[in-house]
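The values are calculated or read from the model by the stated rules, or taken from the named source; none is laboratory data. Owing to the predicted nature of the structure, the values given are computational and were not obtained by experimental measurement. Note that we place each Cβ from the backbone using ideal geometry, even for glycine, and neighbour counts take in every protein chain shown. These accessible areas exclude ligands, DNA and RNA; they are computed on the full protein's heavy atoms, side chains included. Shrake-Rupley method; radii C 1.70, N 1.55, O 1.52, S 1.80 Å.
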Amino acid sequence: MRTTEHDPLTVRRHPASPRAAVLVLHGGQADSERPARPWQLAALRMGPVARAVTAALPYEDVLMAQVRYRVRGWNGDRADPARDTLRALDAVAERVGTVPTVLLGHSMGGRAALHAAGHPLVTGVVALAPWWPPAEPVDRTAGRHVIALHGDRDHVTSPAETADCVRRAREEAGARAGMAVIGGGDHGMLRRAGLWHATTAALVAHLLDPGSSPDPLPEGCYGTGEFPVL
């Protein structure tokens, strides 16, 4: 698959006949018109995570790609990364057909994933330290499996706001939504990086193939009480 200047996807792994896809969505800024670049820190941060996910895929024929944002900012009601993610999902459908797709997003990428969760291809969302402001819409998560991991030492995005969004997705949209707290985890996923990577990889594998890849999270992550600390 050849990448062009306006291609919404950077494909990292393209089997001959994919039966599933994983799209990686990196973070960004609240407001910025600067062009997004693959060498910016927010994009590079997802490299080790994506490699861990690729190594743990439950089968070989999974397309792995990164969504290419046009600009670095969310930019208010424009929600530019969410629009780019929808374009990327349409591109997947056009190129390889209707394959179940998991969205893996960090920070602003987690917000974009939430907004794009209603796309027909999407079956699940894994959000890492997501930026989910209060009252973020959750209706698009209906029928999806949504999981959030958030460090308790995150000073950029709020674990409490993530927990609220997870509960609302479950109660208002009927999503299978859960959350786990990474004890000592920071926003950049540098502290306890091994746990971030291993848990994320296992979650993506589970969403792709729940029959052979068990959910790595304790059942309490889907309960009504406080979310477990890993």
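Overview of values
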{"item": "Enumeration of residues in region 141-200 that are under 20 Å from residue 48 (Cβ atoms), of a type in the set (Gly, Ala, Ser) and in a helix (DSSP H, G or I)", "result": "193, 194, 198"}
{"item": "Positions within region 210-224 being open to solvent by 40 Å² or more (accessible area, probe 1.4 Å) and out of contact with any helix residue (DSSP H, G or I) (no Cβ under 9 Å at 6 or more places or on another chain), in sequence order", "result": "210, 211, 218, 219"}
{"item": "Top-ranked residue in region 42-87 [being on the phi > 0 side of the Ramachandran plot and in a loop (DSSP other than H, G, I, E, B); ranked as farthest from the chain's Cα centre (by Cα)]", "result": "75"}
{"item": "Counted residues, region 92-104 - those being open to solvent by 10 Å² or more (accessible area, probe 1.4 Å) and assigned to a helix (DSSP H, G or I)", "result": "4"}
{"item": "Any chance residue 60 is under 24 Å from residue 211 (Cα atoms) and surrounded by fewer than 18 Cβ atoms within 10 Å (Cβ to Cβ)", "result": "yes"}
{"item": "Some residue of region 141-158 being closer than 28 Å to residue 68 by Cβ and open to solvent by 50 Å² or more (accessible area, probe 1.4 Å)", "result": "yes"}
{"item": "Scan of region 41-57 for residues that are open to solvent by less than 20 Å² (accessible area, probe 1.4 Å) and of a type in the set (Val, Ile, Thr), ordered by number", "result": "49, 53"}
{"item": "Lone unmet requirement of (1) within 19 Å of residue 203 (Cα to Cα); (2) open to solvent by less than 10 Å² (accessible area, probe 1.4 Å); (3) over 16 Å from the mean Cα position of the chain (by Cα) for residue 110", "result": "(3)"}
{"item": "Count of residues meeting criterion [open to solvent by less than 10 Å² (accessible area, probe 1.4 Å) and not in a loop (DSSP other than H, G, I, E, B)] in region 118-140", "result": "6"}
{"item": "Residue in region 160-180 that is touching a residue at least 24 places away in the same chain (Cβ under 8 Å) and closer than 22 Å to residue 41 by Cβ present", "result": "yes"}
{"item": "Extreme residue, surrounded by the fewest Cβ atoms within 10 Å (Cβ to Cβ), among residues of region 24-40 that are in contact with a helix residue (DSSP H, G or I) (Cβ under 6 Å, 6 or more places away or on another chain) and not in a loop (DSSP other than H, G, I, E, B)", "result": "24"}
{"item": "Set 116, 129: member being under 13 Å from the mean Cα position of the chain (by Cα) and on the phi > 0 side of the Ramachandran plot", "result": "129"}
